[in-house]
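**Student:** Submitted below is the structure of interest, expressed as structure tokens.
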Amino acid sequence: MKNLGEAVRKILDREHAAVKRVRDIQSETRHASPRILKSMASPRQEEKFREVKQLLQQDVPIREIARKFKMSRITVRKYKHCEELPRKTYISPTGLAKHLGYIKKRKTENPGIQLRQLHTELKSRGYQGAYSTLSDGLARHSLAMGKKKGIKTVLPSDLSLWRPSRSAILFFNDPKKLSRDESEILNQLCTASVVLKQSLSFIRKFRQMMFKDQCSIGLQDWIQSVSDCSIPELCGFAKGLQQDFVAIKNAFDLPWSNGPVEGNVNKLKTLKRQMYERCSLRLLEKRLVLAP
């Protein structure tokens, strides 16, 4: 079962494209609040600007508005002639302003352009700023991209199930003991990949023979069916079973297990390491045989 599990893990690694396709369907895009830069107005300032404009439209005296919001009358007069809240003056030392026209053009031509690609193009045009500096500069000019834009992709909540090491376990678990989410993920994987669907069928038949039937009557036919399929990982596993078929057949048919033997071997090694280069073989034998 361990060797079969390793084979399934390799299949999942090879079918990464199908797994990623299903995972992307489960993901969703969320619009988070973008980070406010020092040269940008906060939501509270925007709200105050709208309230001041509303009072000015109602012909409320400037002195009264300034007293209410604890603002300078000069600022209130400036707001009176502005349609939008004025930004703080920001002059980029990297000369980003002369590239804004090109940036807007590229975003129009390719709305999905990545910030890394845009930075490379600007460097060839003489832009001297770093990647992070460009990101901040675009945000200040309302051209935010990437994380500064506040859009992020949220992966499925139970992300661990999409790792090959975890999703491989779903192929071996009893179908009746799978949760609703686990069954849904397994069905989606099998729908996205014919190889995974065929692998699931072979694994469940093998598990049925080993744990439920505890009989090797169909084992030879199972090995032949797997050997004829086009899944190289399972074909290699079937070849290994054929090489040691007698012992594996006995493991299916007989109630005996090598577990007690392995347990005694582990106990012997533990005692041996405790006594390393300190005591004789005779004392080791007594500790193992005469121990209560």
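The values are calculated or read from the model by the stated rules, or taken from the named source; none is laboratory data. Everything numeric here is computed off the predicted structure, so don't read it as measured data. Virtual Cβ from ideal backbone geometry, glycine too; neighbours counted across all protein chains shown. Each accessible area value is taken on the protein alone, full model and side chains, heavy atoms only, with ligands, DNA and RNA left out. Shrake-Rupley method; radii C 1.70, N 1.55, O 1.52, S 1.80 Å.
**Student:** Would you please name the residue that is modelled with the lowest pLDDT, looking only at residues in the stretch 104-156 that are on the phi > 0 side of the Ramachandran plot and assigned to a loop (DSSP other than H, G, I, E, B)?
**Tutor:** Top of the filtered list is GLY150.
**Student:** What tally of residues in the stretch 245-276 results from selecting those that are open to solvent by 60 Å² or more (accessible area, probe 1.4 Å) and either outside any helix (DSSP H, G or I) or of a type in the set (Gly, Ala, Ser) (or both)?
**Tutor:** The qualifying residues number 7.
**Student:** Are any of the residues in the stretch 194-202 part of a helix (DSSP H, G or I) and open to solvent by 90 Å² or more (accessible area, probe 1.4 Å)? Working first, answer last.
**Tutor:** Step one: of the stretch 194-202, the residues part of a helix (DSSP H, G or I) are 194-202.
Keeping just the survivors that are open to solvent by 90 Å² or more (accessible area, probe 1.4 Å) gives 194, 197.
Checked against the condition, which is being part of a helix (DSSP H, G or I) and open to solvent by 90 Å² or more (accessible area, probe 1.4 Å), the stretch 194-202 yields at least one hit.
**Student:** Taking the condition more than 16 Å from LYS2 (Cα to Cα) and either at pLDDT below 90 or in contact with a helix residue (DSSP H, G or I) (Cβ under 8 Å, 6 or more places away or on another chain) (or both), does LEU283 pass?
**Tutor:** On the way: more than 16 Å from LYS2 (Cα to Cα): yes; either at pLDDT below 90 or in contact with a helix residue (DSSP H, G or I) (Cβ under 8 Å, 6 or more places away or on another chain) (or both): yes.
So LEU283 fits the description; yes.
**Student:** Kindly provide the set of residues from the stretch 185-212 that are of a type in the set (Ser, Thr, Tyr), in contact (Cβ under 8 Å) with a residue 24 or more places away in the chain and more than 16 Å from VAL19 (Cβ to Cβ), ordered by number.
**Tutor:** Selection gives nothing.
**Student:** Name the residues in the stretch 98-130 that are under 28 Å from LEU85 (Cα atoms) and free of Cβ contacts under 8 Å to residues at least 40 places away in the same chain, would you? Working first, answer last.
**Tutor:** Here is the first cut: in the stretch 98-130, the ones under 28 Å from LEU85 (Cα atoms) are 98-108, 111, 115, 129.
Once the filter is applied, which keeps residues that are under 28 Å from LEU85 (Cα atoms) and free of Cβ contacts under 8 Å to residues at least 40 places away in the same chain, the stretch 98-130 yields LYS98, HIS99, GLY101, TYR102, LYS104, LYS105, ARG106, LYS107, THR108, PRO111, LEU115, GLY129.
**Student:** Kindly indicate which of GLU233, GLU184 is exposed (fewer than 15 other Cβ atoms within 10 Å of the Cβ) and either charged (D, E, K, R) or under 30 Å from ASP24 (Cβ atoms) (or both).
**Tutor:** Details: GLU233 fails: exposed (fewer than 15 other Cβ atoms within 10 Å of the Cβ).
Answer to the check: GLU184.
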